[in-house]
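What follows is a short report on a single structure.
Read-outs throughout are calculated quantities, based only on the coordinates presented, and are distinct from any laboratory measurement. None of these values were measured; they are calculated from a predicted model. Using ideal geometry, Cβ is built from the backbone for each residue, glycine included, and neighbour counts are taken over all protein chains shown.
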Amino acid sequence: MTSPEIPSPPPHHGSGHTEGRPAAERRPAAGQGTAAGTALAVLVAVVVTAVACLTTVYLSSQSARAAVAWGSGAAGAVLCVAVAVAAHGVLTGRQLRAQLAAQQAEAAQREAAAAHFADSVVPSVVERLRAGGSAETALAEAPPVHSPAERRVLITLATEVHKGESMRASALSACANAAGRVQALATSMAADLREMEHKHADENVLGDLLHLDHRTAQAGRLADSIAVLTGARSGRRWAKPIVMESILRGAMGRIGGYQRVRLHSTSGVAVAGHAAEGVMHTLAELMDNAANFSPPTSEVHVYVEEVAAGIVITIEDGGLVMGEVALRRAERLVSPDAADPGLATLSGTRLGLAVVGRLARKHGLSVSFRPSAHGGTGVLVRVPRELVTETQREEPLGEPSAAAPRTEERVTVPGTAHERGEAEHPAGSEHAPTPAHGVQYGESGLPKRRRGQTLAAVARTEAGPGRTASATAASTASGASAAGPGTEGGTRQARPSGARFGDFRRAVQGGSPPEDGGGTAENDSGTPENVTTPSAASPASSPARASSLPEDDTE
Amino acid sequence: MKRPGRDEDPDRLYTVTGGRSRSAVGADAFDLVTLVVSESEPVRGMQSEHAAILRICRSPTAVVELAADLGLPVSVIRILLGDLLAAGRITARHPRTVRAADALPDPDILKQVLVGLRNI
């Protein structure tokens with residue numbers, strides 16, 4: 001790095017120096033002045049004493065003249081010496097006092113300059129460097145410095161601080177970037193694992209997959225923690241509000257000892273999608289603390305309570321009660337009022353509370369600690385009202401929102417499908433085979449066509465010939481992703497085919513018990529499906545497939 | 001409902017089953033088409049999947065259909081059903097096994113039906 005130039009001081013500034021330097025030059029002149037003054041005083045004294053001596057000698061008698069001359073001469077000489085000494089002393093004293101005053105003033109100036117350097121120049125330079133400025137910019141914008149030594153100090157300081165700052169920034173961004181990649185990997189691994197869990201029905205394989213899934217979730221949480229601490233964006237975004245049960249289970253699934261966590265929640269509220277991930281992560285960290293700091297055999301209990309100000313989630317463990325110091329440290333870390341302590345307080349191994357503090361400040365959660373009734377520590381997390389939404393519930397029980405519309409459909413469709421099936425199936429209606437997909441009947445009594453349904457019918461037609469028995473239909477439900485083109489094929493196809501299976505059966509049965517569903521009723525609605533859907537198939541093959549339908553149902 | 005590459009559900013399956021990968025009542029208690037009927041109403045504080053199963057199974061419902069409705073793998077549904085069966089909240093009915101040949105209608109009748117349908 002090139003050594004930056006520090007601007008030279010303006011002439012009006014630092015008057016102490018401008019006075020100081022001439023004062024040093026003036027010192028010999030002052031010495032000469034002292035000598036001249038002394039000489040002048042001696043001259044005057046000599047003249048005066050000489051005149052006095054001559055007058056005395058002249059006035060004295062002849063006989064005593066020699067003695068008087070010697071006496072007065074000596075006295076005059078003594079007087080002159082005394083005058084010279086006195087004059088010199090006075091003049092020297094005056095000069096020394098002046099010098100002292102000048103040096104005192106100079107010292108005061110230097111002290112003020114040093115204070116200015118320490119209190120104003122250095123902080124402003126450091127502040128500019130912390131704000132991201134380069135060393136040159138910071139030095140150029142700094143208040144002028146006069147002393148070369150101070151200038152060197154400032155240059156060294158700026159260079160070093162800038163180096164430290166840039167190291168910190170690059171380390172942070174590298175960490176954030178790496179954490180983001182690990183997050184993305186963990187997310188896609190979780191999606192893959194879920195797909196595999198749908199695909200493999202074997203219990204041993206499923207057990208291994210669940211184990212891997214759990215490990216992946218823990219790795220994902222660690223990456224999330226690092227992302228939160230480095231200020232990167234949080235891992236997942238949920239588009240819809242997440243119900244409390246899912247929040248708690250999502251949090252619980254990310255910690256090692258999740259099987260020790262007991263959820264006691266009857267609350268049906270949901271947390272807004274944008275904050276759901278933060279709340280989940282906060283709860284996961286607190287549950288992890290609770291599980292880690294309690295005996296491995298004890299349970300961690302989680303309670304949810306709806307209050308006026310939002311939701312309070314209590315996590316209680318049966319471990320050790322936190323000490324006074326630990327409690328205060330924890331409170332400080334998660335306090336929303338405290339300034340963000342940054343990464344300075346990280347202790348290396350314990351990231352949890354720092355993460356909780358960050359997330360709490362971000363989402364306005366309030367976290368507090370108290371002794372637990374279970375003997376350990378209880379943590380209370382309050383999720384503010386703004387982040388809480390009510391889910392529409394048909395029943396007082398917490399019900400996943402995805403299941404709600406289907407339940408309703410299920411209640412209404414069988415009756416209508418069966419009644420109308422009689423009238424419409426002979427007419428060869430295209431929509432007849434799909435009563436399960438929630439065909440809505442308009443005021444005219446004709447089915448309403450829904451967007452995308454025709455395409456879906458085509459897709460079903462293509463898949464139709466391969467499906468000969470219920471076993472195949474079922475395996476499509478559990479493992480359609482093997483044949484499905486996309487990653488989501490399994491879940492997307494599982495629903496229609498599985499639902500279709502049941503709806504077909506229900507349409508066949510109507511109100512009658514399932515055991516009594518006779519072959520005639522099946523043929524009623526079953527045959528049209530196979531006659532109308534495979535439009536490309538040869539008519540000769542239709543009876544064969546139609547005959548396979550009863551198996552579908554009564555097997 | 002689901003977009004490709006997105007996992008729209010924060011519930012991991014091991015939290016749904018509590019970490020178990022096998023059913024409490026044995027693997028052969030439920031096959032894909034076993035009809036499940038609920039014997040009690042869902043109670044408060046119950047796991048939402050259990051409650052949903054009890055609600056859906058008010059009318060007899062096949063296991064595979066439950067899986068499709070809840071969007072869960074059949075193996076996981078079996079574990080959940082095992083819990084409910086052990087608690088006596090559901091009963092399982094194995095569908096009557098009918099020999100395929102017995103159930104087959106006469107091809108002639110089917111042909112007549114086909115012809116009749118075409119004539120409509």
Applied in sequence order to segment A:155-165, the curve 6.51 cos²θ - 1.76 cosθ + 1.60 (Karplus, θ = phi - 60°) yields integer Hz couplings, x standing for Gly and Pro, of 5, 4, 4, 5, 4, 5, 5, 5, 4, x, 5
Compute the distance in nm between two label points, each set 7 Å from the Cα along the Cα-to-Cβ direction, one at A:Arg350 and one at A:Ala39. 8.5
Going by amide H atoms built from the backbone, whose H comes under 5 Å of the H on B:Ala62, apart from near neighbours? B:Val36
Here segment A:96-102 yields Karplus 3J(HN,Hα) values (6.51, -1.76, 1.60; θ = phi - 60°; whole Hz; Gly and Pro given as x) of 5, 4, 4, 5, 4, 4, 5
Residues whose placed amide H lies under 5 Å from that of A:Val261, excluding near-sequence neighbours: A:Val300
Of the listed peptides A:377-390, B:54-67, A:315-328, A:278-291, what is their order by residue-averaged count of other C-beta atoms within 10 Å, with the highest listed first? A:278-291, B:54-67, A:377-390, A:315-328
How high is the relative contact order of chain B, in percent, counting Cα pairs under 8 Å that sit 6 or more residues apart? 30
Could you please state, rounded to a whole Å, how far the C-alpha centre of segment A:141-164 is from the C-alpha centre of segment A:249-300? 51
How much length is gained on full extension from A:Gln109 to A:Val325, taking 0.36 nm per residue of separation minus their Cα-Cα distance? 73.0 nm
Using per-residue counts of other Cβ atoms within 10 Å, averaged over each peptide, order A:216-223, A:110-117 from highest down. A:216-223, A:110-117
Which residues does a label at A:Arg385 reach in segment A:298-324, if reach means a backbone N under 11 Å from a point 7 Å past the Cα toward the Cβ? A:307-311
In peptide A:181-192, what is the residue-averaged number of other protein chain Cβ atoms found within 10 Å of each Cβ? 1
Taking 35 Å as R0, compute the FRET efficiency from the Cβ-Cβ separation of A:Phe293 and A:Lys240 and round it to 0.05. 0.55
If you take the square roots of the eigenvalues of the alpha-carbon gyration tensor of segment A:236-390 and sort them as a ≥ b ≥ c, do you get rounded (a/c under 1.5), prolate (a/b over b/c) or oblate? oblate
Mind checking the mean number of beta-carbon atoms from other chains within 10 Å of the Cβ atoms in A:258-268? 2
Given H placed 1.01 Å from N in the peptide plane, which residues other than close sequence neighbours of B:Glu39 have an amide H under 5 Å from its amide H? B:Ile90, B:Thr91
At R0 = 30 Å, how high is the FRET efficiency between A:Ser170 and A:His274 if r is their beta carbon distance? Nearest 0.05 is fine. 0.50
Each residue of A:202-209 has, on average, a number of other protein chain C-beta atoms within 10 Å of its C-beta equal to 5
